[in-house]
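Student: Quick one: this structure, given as structure tokens, is what I'll be asking you about.
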Amino acid sequence: MGGMAERITPADVALVARLARLALTAEELELYTGQLAAVLEHARDIEALELDGVEPTAHPLPLRNVLREDVARPGLDRAEVLAAAPAVEGERFAVPRILGEAP
Amino acid sequence: MNGPALAAAAAVRGGERSAREVLDEHLARVEERDGELHAFLNLTAGAAREAAGRVDEAVAAGIDPGPLAGVPVALKDNLCTRGVATTCGSRILEGWLPPYDATVVRRLAAAGALIVGKTNLDEFAMGSSTESSAFGPTRNPVDPSRVPGGSSGGSAAAVAAGFALLALGSDTGGSVRQPAALCGVVGAKPTYGLVSRYGLIAFASSLDQIGPFATTVADAALLLDVVSGHDPADSTSLAGAAPRASEALGRGVEGLAVGLVSELASAEGLDPRSAARTREAADALAGAGAKVEEVSVPAAVYGLSAYYLIAPAEASSNLARYDGVRYGRRVDGADITEMYLRTRSEGFGAEVKRRIMLGTYALSAGYYDAYYGKAQRVRTLIARDFEAAYQRFDALLAPTAPGGAFPLGSKTSDPLLMYANDVCTIPSNLAGHPAVSVPFGTDDAGLPLGVQVLGPALGETVVFQVAAALEAAAPGVSR
């Protein structure tokens, strides 16, 4: 396992913001870089722990896949679900253009 | 063992009081004081009156309406209510009407409860003061210049102010127990998987658990027993019979072994009074016949660091669904990427953005092992240390919060300072174990403090048994 990374930079924060689909102003970028650095710095206290051979815990319960009988049953009411959407076309969710202009 | 919810339900079931009368008494208090406190985002008085009518008709017809007959209950606004706005304290869900009820909502209705409204919370349950709500903060009924704690601050305040006899919240890192402590009421986080999360809007799925608020331990146990138990709609719901929180309330603690967790009783940043109250609580249990000793849970001190990597990581994934396509707010853009960016940037507040970015970073290529992977291994250590302690002890004691309620605005500019509120509550979430916060005296300013009783997975019966003994021995809150 590698050690903790170097201090987080504004470029790192800009990248994660883009990945998470968040637009930041220059001011926000500076603010969040400092705040995220402080939280990550605090997390350094676990860096010194001897963790080789310790299994990670993803979940408190030892759960396996939970399956049910493959039997059709009623789902949510389609009209009610579509009524909650910002934009619909017929019985579908409508979204803005996904592909760019053709060359 | 008693409490006002138990008493009200008994009176309504016995025909001595009408559900309508109990409801009106609580709605009058809301009318009188919620303008100041802002515990509710949305009052559902009309539906509650209709439910009260049905309860009263049932009683008149000789039908038992259930164990919560006529009891006004408040719901944290991250619990889905069909056709009733559910916002998570966020602009991104403003105006959204869920197409289904959470399982806990159905169980409450089936038990004869009256749902009086949806309570304020930190946005998406991320916070410890209810100040990150997009709709403004809630104030602490004990001292309105102070926060009620969070993230379930509205639910805690609603019970403390007498707006409802019971409330539900959700506890991911302490979000039921810490506000309960700060408002001077009882709050519990059950064993992970005991209460169905179907219809609880997800924050960190491996940690989130719905829990009760009440003014007494017996009332909290009553509510938990109504909502707990297997639900096929939640794949993380535990199969098998649920432990009964109410089962052993009057039995005292004679012969039980209770450990005081050294690392939490002397946690960094703890108000000395909070530490002292926890030790008094240990002495009180010893006086009541328990065998009390200090016990070390060494990895507990790393809980805060592990949690603030794991919870944001899970949140960054869960909150990816708010993309302006299927529900909630959309801010249009020239193409879909611009729509996503505008929707999420305008829809989410600062704390939610901070955690999404932190989680995205902790999960990103090159950092995954260093942050998320390490935090998950620390989680294993914490669970192991607790298991070792439960070889020797029936239950453990720890402070709930580092101190009493703090003034509004005093911790909002420093995220780490706010996160430190959760230092004593987080270990139970990471381990998936139950814990109950019981009011136990005050700090030097006269503000309520809480002490937690912790137990092993599915140890609700003994945890509530010890909590009831602690409640009986607690010094009163005089302010």
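The values are calculated or read from the model by the stated rules, or taken from the named source; none is laboratory data. Because the structure is a prediction, the values reported are computed rather than measured. For neighbour counting, all protein chains shown are included, and Cβ atoms are generated from backbone atoms with ideal geometry for every residue, glycine included. Note: areas computed on protein heavy atoms with side chains; ligands, DNA, RNA excluded. Shrake-Rupley method; radii C 1.70, N 1.55, O 1.52, S 1.80 Å.
Student: For a quick check: with amide H placed at 1.01 Å from N, whose amide H comes under 5 Å from B:ASP77's, ignoring anything fewer than 5 positions away on the same chain?
Tutor: When sequence neighbours closer than 5 places are left aside, the close amide H contacts are B:THR119.
Student: Here's something else I'd like to know. If you take the square roots of the eigenvalues of the alpha-carbon gyration tensor of segment B:110-266 and sort them as a ≥ b ≥ c, do you get rounded (a/c under 1.5), prolate (a/b over b/c) or oblate?
Tutor: Since a/c stays below 1.5, the shape of segment B:110-266 is classed as rounded.
Student: Right, another one. Looking at segment B:1-46, which GluC sites (Glu not before Pro) are DSSP coil and have at most 16 other C-beta atoms within 10 Å of their C-beta?
Tutor: Sparse-neighbourhood loop GluC sites (Glu not before Pro): B:GLU16.
Student: Please state, to two decimals, what the Cα-based radius of gyration of chain A comes to when divided by 2.2 N^0.38 Å (N = residues).
Tutor: Its radius of gyration relative to the 2.2 N^0.38 Å reference: 1.78.
Student: May I pose another question? Quantify how strongly other chains surround peptide B:379-387 by giving the mean number of their Cβ atoms within 10 Å of each of its Cβ atoms. All intermediate terms of the calculation are to be shown ahead of the outcome.
Tutor: Details: counts 7, 6, 6, 1, 2, 2, 0, 0, 0.
Across the residues of B:379-387, the mean count of other-chain Cβ atoms within 10 Å is 3.
Student: Here is a further query. Show me A:61-73, B:310-322 ranked by packing, highest mean number of other Cβ atoms within 10 Å first.
Tutor: Working: A:61-73: 7.5, B:310-322: 22.2.
With the highest mean Cβ count within 10 Å placed first, the list reads B:310-322, A:61-73.
Student: Cross-link partners among aspartates and glutamates for B:LYS411, C-alpha distance below 15 Å, same-chain residues fewer than 8 apart left out?
Tutor: B:ASP122, B:GLU131, B:GLU351, B:ASP422
Student: Counting pairs of alpha carbon atoms under 8 Å apart in space and at least six apart in sequence, what relative contact order in percent does chain B give?
Tutor: Here the relative contact order equals 17 percent.
Student: How would you classify segment B:4-248 from its alpha-carbon gyration tensor, with a ≥ b ≥ c the square roots of the eigenvalues: rounded for a/c under 1.5, else prolate if a/b is greater than b/c, otherwise oblate? All intermediate terms of the calculation are to be shown ahead of the outcome.
Tutor: Values: a/c = 1.45, a/b = 1.16, b/c = 1.25.
Rounded, since a/c falls under 1.5.
Student: Per-residue HN-Hα couplings for segment B:342-350, Karplus 6.51 cos²θ - 1.76 cosθ + 1.60 at θ = phi - 60°, whole Hz, x for Gly and Pro?
Tutor: Calculated HN-Hα couplings, in order: 5, 4, 6, 5, 7, x, 9, x, 4 Hz.
Student: Now for a separate question. With charges set only on the Cβ (+1 for Lys and Arg, -1 for Asp and Glu), what does the dipole of segment B:72-154 come to about its Cα centre, in debye to the nearest 20?
Tutor: 260 debye
Student: A follow-up question, please. Rounded to the nearest 5, what is the percent of antiparallel bridges among the DSSP beta bridges in the protein assembly as shown?
Tutor: Counting only bridges with both partners in the protein assembly as shown, antiparallel ones make up about 65 percent.
Student: Which whole-Hz couplings ³J(HN,Hα) result when phi for each residue of segment B:120-135 is put into the Karplus expression 6.51 cos²θ - 1.76 cosθ + 1.60, θ = phi - 60°, listed in order with x for Gly and Pro?
Tutor: Once θ is set to phi - 60°, the couplings for segment B:120-135 become 5, 7, 4, 3, 6, 6, 9, x, 10, 8, 6, 7, 8, 4, 5, 9 Hz.
Student: Would you work out which of A:LEU36, A:THR9, A:LEU19 lies farthest towards the positive end of the dipole of segment A:7-50, given +1 charges on the beta-carbon of Lys and Arg and -1 on that of Asp and Glu, about the Cα centre?
Tutor: A:LEU19
Student: To continue, here is another question. Whose amide H sits under 5 Å from the amide H of B:GLY450, counting only residues 5 or more places off or on another chain, with H placed in the peptide plane?
Tutor: Result for B:GLY450 returns B:THR400, B:ALA401, B:PHE440.
Student: Could I ask something else about it? Could you state the number of Å between the C-alpha centres of segment B:236-255 and segment B:367-435?
Tutor: When both Cα centres are located, 23 Å separates them.
Student: Moving on. So what are the ³J(HN,Hα) numbers for segment B:454-466, from phi and the Karplus equation (6.51, -1.76, 1.60; θ = phi - 60°), rounded to whole Hz, Gly and Pro as x?
Tutor: Going residue by residue, I get 10, x, x, 3, 6, x, 3, 4, 6, 4, 6, 4, 5 Hz, with x marking Gly and Pro.
Student: Within 10 Å of each Cβ in A:58-70, how many Cβ atoms from other chains are there, averaged over the peptide?
Tutor: Counting Cβ atoms of other protein chains within 10 Å of each residue's Cβ and averaging gives 4.
Student: Give me the inter-chain shielding for B:297-307: mean count of other chain Cβ atoms within 10 Å, whole number please.
Tutor: Mean shielding by partner chains, rounded to a whole number: 3.
Student: Is the shape of the protein assembly as shown rounded, prolate or oblate, going by the alpha carbon gyration tensor and its root eigenvalues a ≥ b ≥ c, with a/c under 1.5 for rounded and a/b larger than b/c for prolate?
Tutor: Since a/c reaches 1.5 but b/c is at least a/b, the shape of the protein assembly as shown is classed as oblate.
Student: Now a separate question. Using modelled amide H (1.01 Å from N, peptide plane; none on Pro or chain starts), what sits under 5 Å from the amide H of B:ALA245, excluding residues fewer than 5 places away?
Tutor: Hits under the 5 Å cutoff: B:ASP225.
Student: Which lysines have a Cα lying under 18 Å from the Cα of B:LYS189, excluding residues fewer than 8 positions away in the same chain?
Tutor: B:LYS76
Student: Would you please state the base-10 log of I(q)/I(0) at q = 0.09, 0.11, 0.13 1/Å for chain B, with intensities from the Debye formula using one equal scatterer on every alpha carbon?
Tutor: Reported log10 I(q)/I(0), two decimals: -0.54, -0.81, -1.16.
Student: Indicate, rounded to the nearest 5 percent, the antiparallel portion of the DSSP beta bridges found entirely in chain B.
Tutor: 65 percent
Student: Here's a follow-up. Under a 1.4 Å probe, what is the accessible area of segment B:4-248 per residue, stated in Å²? Kindly include the intermediate steps, with their values, before the conclusion.
Tutor: Working: 6630 Å² over 245 residues.
I get 27 Å² per residue for this part.
Student: I'd like the carbon and sulfur percentage of the solvent accessible area for chain B, probe radius 1.4 Å, heavy atoms only, ligands and nucleic acids excluded. Each step should come with its number before you reach the end.
Tutor: Values: 7130 of 14360 Å².
Within chain B, the accessible surface is 50 percent carbon and sulfur.
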